[in-house]
Amino acid sequence: MTNPLTTAQLGRTGLEVTSICAGGSVLGSMPSVFSYTYSEAQAIETVLALLGSGINFLDTSAGYSDGESERRIGLAIAEAGGAAASGSVDVVANYTSFQAIRRQVPDAA
């Protein structure tokens, strides 16, 4: 199936990613921080739906519930048969503390 979403190269990485990047923070479930819960089953179902829609660009961070969103994304990709079976899946993982951001941008709240 041809992906109906537009794609672009991600910087100089050579990766072709969809113009839509799905954020993974909600997938980790952080009730003590954001007052919501999101079960593992819901997270896997969401990622499978994203992959099924053609989105191949997922953003996550170890800071999202101590890596739980990353783990759940991995479970969903495995359930889909791995990245090869799902087509190209690019997961961008990052780690930036809010303190580091505040030091870099003095006016940041």
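A few points about this structure:
- Restricting region 1-34 to residues that are assigned to a loop (DSSP other than H, G, I, E, B), free of Cβ contacts under 8 Å to residues at least 40 places away in the same chain and touching a Phe, Trp or Tyr at 6+ places or on another chain (Cβ under 9 Å), the residue that is farthest from Glu68 (Cα to Cα): Ser19
- Note on region 35-94: enclosed helices (runs of 4 or more DSSP H) holding 1 or more residues that are modelled with pLDDT under 80 are 82-86.
- Unmet requirement for Arg12, which otherwise passes all of (1) surrounded by 18 or more Cβ atoms within 10 Å (Cβ to Cβ); (2) at pLDDT 70 or above: (1)
The values are calculated or read from the model by the stated rules, or taken from the named source; none is laboratory data. Only a predicted model underlies this, so the values are computations on that prediction, with no experimental measurement involved. Cβ coordinates were reconstructed from backbone atoms using ideal geometry, including for glycine residues, and neighbour counts include every protein chain displayed.
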